[in-house]
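Colleague: One structure, as structure tokens, below. Some questions next.
The values are calculated or read from the model by the stated rules, or taken from the named source; none is laboratory data. Remember, it's a predicted structure, so these values are computed and weren't measured experimentally. Here the Cβ is made from the backbone with ideal geometry for all residues, glycine too, and neighbour counts use every protein chain on show. Each accessible area value is taken on the protein alone, full model and side chains, heavy atoms only, with ligands, DNA and RNA left out. Shrake-Rupley method; radii C 1.70, N 1.55, O 1.52, S 1.80 Å.
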Amino acid sequence: MSGAHGESSGDEADRNRRKLRTERHLRIIEHVSEHGGADVAALATWLDVSSATVRRDLQFLSDQRLLQRTHGGAVSSEAGVELPLRRRVERFHTEKRAIAVAAVDLVPEGAVVGLTGGTTTTEIARLLSQRGPVTIVTNAVNIAAEMVPHPEVRLVVTGGHARSRTYELVGPGAEKMLAEYHTDITFLGVDGISVERGCTTHDPLEAATNRAFLASTAQAVVVADHSKIGKATFARICPTRAIRRLITDAAPEDDELARIRDCGVSVTSTGTAGHGGASS
């Protein structure tokens, strides 16, 4: 008994260490991407870890081609680096779950729902699958794989070329198929949303496929955690005015959110980023 308990405690400790390491890696990537580079000493102070830990982290991330190792630190390997989906799963998980709960409240019973790829839209799919009959149209193969076992989910998956970083099917095949369907509501995952640049993502083919989702839906809703607000990435999906609603965990009084509201977008804040929830 005590041995089994010891193994269980050890497994839990290992899981916690891996989670902390993943979170630390994500923070390093975002910091280096935002500032163009950073040195070991500064990162160690910022993260409250040893310099040896930072050096191991930087070497690992360099091996993964997520940044470029330099003498004494690291620099961004490319502008606006895109994290693979598997590395984004644990990032702001609580916040994304709360956004998904608010999103599902907008879905009428028996609706046809469009879902682009992403960690937040995956949470929406999971909640919808537990609620009752629903039709899901998606280009995300990971979402499709999770939905197949649910008998009350009528699943439609687009064709297209698979992106290994996001598990999404994109390109002319996906766009042509989406043009044949109409959705009652589409939840759009984005990498950035700002008044100046609108809704953006990292890949032009993904942006074009997302536009096809928007062209075939009655209501477009962007779901984006606070790290995406005010941010712009490489490929533009649409102007901010093209969407009806934004659901986020960012503070209701955030200046960028106020400007987005001024564009005629209804904004729902879940308040899970340390602020009270609000909708306007």
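Colleague: Go through 146-153, 102-109 and give me the packing order, highest mean Cβ count within 10 Å leading.
Modeller: Ranking, from highest mean packing down: 102-109, 146-153.
Colleague: Given the Cα-Cα distance of residue 179 and residue 48 and 0.36 nm per residue of separation, how much length would full extension add, in nm?
Modeller: 42.1 nm
Colleague: Right, another one. Rank-order 115-123, 38-46 by packing density, defined as the average count of other C-beta atoms within 10 Å over each peptide's residues, highest first.
Modeller: The packing order, highest mean first, is 115-123, 38-46.
Colleague: So, one more: I'd like to know which of 112, 150, 234 lies farthest towards the positive end of the charge dipole of the chain, counting +1 on Cβ of Lys and Arg and -1 on Cβ of Asp and Glu.
Modeller: 234
Colleague: On full extension of the chain, what length is gained from residue 27 through residue 165, given 0.36 nm per residue of separation minus the C-alpha to C-alpha distance?
Modeller: 47.8 nm
Colleague: Taking Kirkwood radius over Cα pairs in Å as the quantity of interest, determine which of [x] 18.1; [y] 19.2; [z] 19.9 was computed from the displayed structure.
Modeller: The listed entry that was calculated here is [z].
Colleague: Still on this model: What order do you get for 248-260, 51-63 when each peptide is scored by the mean count of other beta carbon atoms within 10 Å, highest first?
Modeller: Highest mean packing first, the order is 248-260, 51-63.
Colleague: Kindly sort 234, 187 by accessible area of their heavy atoms, largest first, with the probe set to 1.4 Å.
Modeller: 234, 187
Colleague: Which value, in nm² and rounded to one decimal, describes the direction-averaged projected area of the C-alpha convex hull of the range 114-229?
Modeller: 6.8 nm²
Colleague: Place +1 on the Cβ of every Lys and Arg and -1 on the Cβ of every Asp and Glu in the chain, take the dipole about the Cα centre, and give the residue among 190, 252, 101 whose Cα lies farthest towards its positive end.
Modeller: 190
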